[in-house]
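What follows is one structure encoded as structure tokens, with my remarks underneath.
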Amino acid sequence: MTKIKENSTYNANREIVMQECPVTYVMSKIGGHWKPIILYHLLAGSKRYSEIRKAMPHITEKMLIQHLKQLEGDRLLVREAKPVVPPYVTYTLTEAGRELEAVINAMAEWAYRDIKRSGELVEEEMAA
């Protein structure tokens with residue numbers, strides 16, 4: 001894959017949108033299929049890598065590691081390696097990550113309402 005030049009028009013436009021649109025900024029941090037789910041699981045408290053993996057059986061190991069690194073890079077979580085035998089790693093939300101709790105919960109509440117609404121539509125169509 002070709003690397004995009006840092007001074008390209010694409011990057012310049014992307015930076016303008018990021019500064020002017022807060023939703024775009026948030027989506028750049030937590031967008032995608034897996035990141036909100038990872039954050040949702042970490043809202044309950046610190047978790048070891050294996051606990052996150054068990055809570056999300058459908059994500060590949062590569063994708064989980066990649067997203068954990070991105071979330072760490074965006075300072076939404078902290079990775080702490082414990083110097084014990086056997087060694088293990090825990091992930092904890094940072095203050096910025098914890099501040100996303102309202103956003104993640106709002107997404108979950110909307111999903112429940114939409115699923116219910118969609119289910120009602122299917123039942124109404126079947127009755128007609």
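Using amide H atoms built 1.01 Å from N in the peptide plane, name the residues 5+ places from TYR88, or on other chains, whose amide H lies under 5 Å from its own.
Amide H neighbours of TYR88: LYS82.
Report ³J(HN,Hα) in whole Hz for each residue of the range 46-56, in order, from the Karplus equation J = 6.51 cos²θ - 1.76 cosθ + 1.60 where θ = phi - 60°; Gly and Pro get x.
4, 9, 6, 3, 5, 5, 5, 4, 5, 6, 10
Just grab the label-to-label distance for TYR112 and LEU64, each label 7 Å out from Cα along the Cβ direction, in nm (one decimal).
With each label placed 7 Å out from Cα toward Cβ, I get 2.6 nm.
Over 5 Å intervals from 0, what percent of Cα-Cα pairs in the range 55-95 sits in each interval?
Reading upward from the zero bin: 6, 20, 23, 25, 19, 6.
Please report, in whole Å, how far the alpha carbons of the range 31-127 spread along each principal axis, starting with the longest.
On the principal axes, the range 31-127 reaches 61, 26, 20 Å in Cα extent.
None of the figures in this text is laboratory data; all of them are computed from the coordinates on show. Every value quoted in this text rests on a predicted model; they were computed, and no experiment measured them. A quick note on method: Cβ atoms are made from the backbone with ideal geometry, for glycine too, and the neighbour counts reach across all protein chains shown.
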